[in-house]
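Below you'll find the structure, written out as structure tokens, and then a few comments.
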Amino acid sequence: MRLDIEHVTHYAFTEPQRRLVQLLRATPSSFAAQHVVDWHIDVDCDARIRPGRDGYGNHYTMLYVDGPVEAIELTVSGEVLTDNRHGMIEDANEPLPPPVFLRSTGLSQADDAIRSFARDVENAESDPLKRMHLLMERLLNEIRFEPTLDAVERDAATAFAANRGVCQDHAHIFCAAARAIGTPARYISGHLFRRDGATEQEASHAWAEAWLEDLGWVGFDPANGISPDDAYVRIACGLDYREAAPVAGRRLGGGDERMRVDVRVTEAHMQHQQ
């Protein structure tokens with residue numbers, strides 16, 4: 001599938017800012033399941049841009065903007081060719097060994113309830129791949145998906161107790177439960193093409209990957225109950241949301257900040273020359 005992606009972040013400040021520093025994890029990498037055809041980042045003001053890769057192998061872009069700044073718009077867009085590999089991550093840049101992803105964080109820490117839930121899954125299925133699919137399926141049934149919730153930085157235990165959450169909550173709980181039974185797992189941020197025809201979205205998507213000895217990294221999306229297919233564009237990985245968030249930053253200046261995110265994922269239409 002050829003997918004066009006546009007991710008626009010609008011910032012507005014009640015007082016002019018002296019300086020802005022933004023970290024963007026918004027550029028995908030090419031690997032067996034996806035090939036980046038074209039990608040660029042645009043800023044609607046003068047900015048210094050410095051690209052690089054972090055310790056997880058993610059592409060990042062640092063933006064430095066000198067003020068006074070009252071508003072700024074960041075537009076990330078491009079085209080990606082995707083292939084359905086049933087969630088398997090092959091030929092990707094992997095600088096870290098899988099055991100690193102057994103570590104917990106504040107957002108992905110398992111409590112007693114999650115550990116008990118994970119043990120039930122472990123006892124119900126001995127095959128590693130089927131076990132992760134069962135974990136995903138039970139999370140889909142256990143945690144009601146409510147995409148309108150504003151809770152991207154809620155911890156796994158709180159979301160699990162509430163029995164509802166956004167896709168970030170599902171990914172955090174999956175990571176916490178998998179790690180609790182000894183399976184390395186990592187948080188993934190990216191984009192999802194909606195097959196129901198809804199092209200306008202208010203945020204990027206999130207899912208998880210688990211390390212399976214005979215297969216390597218395999219993706220699982222507990223919010224939708226499937227392994228990622230050609231409708232998914234993988235952007236960044238980390239131990240939790242904070243380490244893979246599309247945008248993070250600091251500002252120098254008073255007042256309040258308002259942010260709006262607009263995401264559009266559509267199927268690209270190839271032009272054929274006569």
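A short reminder: the numbers here are calculations on the coordinates, not readings from a lab. This one's a predicted model, so the numbers in the text were calculated from it and none came from an experiment. Here the Cβ positions follow ideal geometry from the backbone for every residue, glycine too, while neighbour counts run over all protein chains shown.
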Ranking of TRP217, TRP39 by count of other Cβ atoms within 10 Å, fewest first: TRP39, TRP217
Positive dipole terminus of the chain, leading residue within GLY225, LEU252, LEU135 (C-beta point charges): LEU252
GLU153 paired with ASP46, simple spin-label distance in nm, labels 7 Å along Cα-to-beta-carbon: 3.1 nm
Student exercise, the chain dipole from Lys, Arg, Asp, Glu Cβ charges, in Debye to nearest 20: 560 debye
Inter-site label distance for SER116 and LEU252 at 7 Å from Cα along Cβ, in nm: 5.2 nm
Mean-position separation - Cα centroids, segment 207-237 and segment 167-196, in angstrom: 8 Å
Crossing angle, helix 128-142 versus the chain [Cα axis fit, 0-90 degrees, rounded to tens]: 70 degrees
Taking PHE193, PHE174, PHE145 and counting other C-beta atoms within 10 Å, the order from fewest to most: PHE145, PHE193, PHE174
Kirkwood-Stokes translational diffusion coefficient of the chain, alpha-carbon pairs, 4 °C, 1.567 mPa s, µm²/s: 67 µm²/s
Nearest 10 degrees, 0 to 90: helix 112-124 Cα axis against the chain principal axis: 50 degrees
Neighbour-count ranking [beta-carbon atoms within 10 angstrom, fewest first] of THR27, THR266: THR266, THR27
Helix 167-180 axis, angle to the chain major axis (alpha carbon atoms, nearest 10°): 40 degrees
Spin-label pair ASP214/GLU202, simplified geometry with 7 Å Cα→Cβ offset, distance in nm: 4.3 nm
